[in-house]
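Here's the structure, in structure tokens; my notes come after.
Please treat every number below as a calculation from the coordinates, not as lab data. The shown structure was predicted, so the numbers you read here are calculated from the model rather than taken from an experiment. Neighbour counts are summed over all protein chains in view; Cβ atoms, including those assigned to glycine, are modelled from backbone coordinates with ideal geometry.
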Amino acid sequence: MPFTTNHILLETYNRSLETISDPTPIQSLVRRGIPHLLESSMIFNVCISMDSPFTEEFFEKLKTEDTSHDGCFAVFECLVIFFREKWLRLGNRRTDAVERDILHYFETSPEWNQNLGTLICAWYWRHLPRRVMDDVRRQSAGEEFVDMC
């Protein structure tokens, strides 16, 4: 359960974020997203697939304590994937304002167009929805399924 077992790493990165005097929009969103992830770590442990390439990358990026725009950019993309998967599994009823703001920024920014061939875009627009639907189909068919939420 990486989110709850990595609280110290999340808290350390969060403290580093607090020292940014004039944050970019990405840094501001990460500054909101990390504390939210800390507060909601139990639900993220249950809902997020730990085998995604973004989970390992997320914790590796936090270890660097790089809060520059580029460092936060990578962390932001990981948060986007976590919040998207939670939203796909639980819907709006369990999505809060921080998550909605981060997802909205991602979806409306020209930086991440769904037609781009980047890993983040492929996971956000195609792979995660397909993965969650496959889980639902397996559960409906009575196949062995571990309820993630």
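Calculate the spin-label point distance for R100 paired with E57, positioning each point 7 Å from the Cα along the beta-carbon direction, and give it in nanometres.
So the two model labels end up 2.8 nm from each other.
Which entry is the computed Cα extents along the principal axes in Å for this structure: (1) 53, 35, 26; (2) 50, 31, 19; (3) 87, 37, 23?
(1)
Considering only S68, P110, W87, whose Cα is most displaced toward the positive end of the charge dipole of the stretch 68-130, charges sitting on Cβ of Lys, Arg (+1) and Asp, Glu (-1)?
W87
Calculate the dipole size of the stretch 2-140 relative to its Cα centre from +1 charges on Lys and Arg beta carbons and -1 charges on Asp and Glu beta carbons; express the result in debye to the nearest 20. Let's see the in-between values first.
Details: 16 positive and 20 negative charges, 144 e Å.
Computed charge dipole of the stretch 2-140: roughly 700 debye.
By how many degrees, between 0 and 90 and to the nearest 10, does the Cα long axis of helix 128-140 differ from the longest principal axis of the chain?
That helix lies at roughly 30 degrees to the long axis.
How about the stretch 76-149: which GluC sites (Glu not before Pro) there lie in a loop by DSSP and see at most 15 other Cβ atoms within 10 Å?
Values: sites: E77, E85, E99, E107, E111, E143, E144; in loops: E111, E143, E144.
Those satisfying the criteria are E111, E143, E144.
Measure out, as a whole number of angstrom, how far apart the alpha-carbon centroids of the stretch 125-141 and the stretch 64-78 sit.
After rounding, the separation between the Cα centres reads 29 Å.
As a footprinting exposure proxy, order C78, C72 by other Cβ within 10 Å, with the fewest listed first. List each step's numbers first, then the result.
Details: C78 24, C72 27.
Taking fewest neighbouring Cβ atoms as first place, the list is C78, C72.
For R130, R31, R93, what's the fewest-to-most ordering of other Cβ within 10 Å of each Cβ? Spell out each step's value before the answer.
Values: R130 10, R31 16, R93 5.
Going from least to most buried by this count: R93, R130, R31.
Only loop residues by DSSP count here, and only those with at most 12 other Cβ atoms within 10 Å; note down the GluC sites (Glu not before Pro) in the stretch 17-64 that meet that. Could the numbers behind the result be given before it?
Working: sites: E18, E39, E56, E57, E60; in loops: E18.
Within the stretch 17-64, the qualifying GluC sites (Glu not before Pro) (loop, at most 12 other Cβ atoms within 10 Å) are E18.
Measure nothing fancy, just the Cα-based angle from helix 25-39's long axis to the longest principal axis of the chain, in degrees from 0 to 90, nearest 10.
60 degrees
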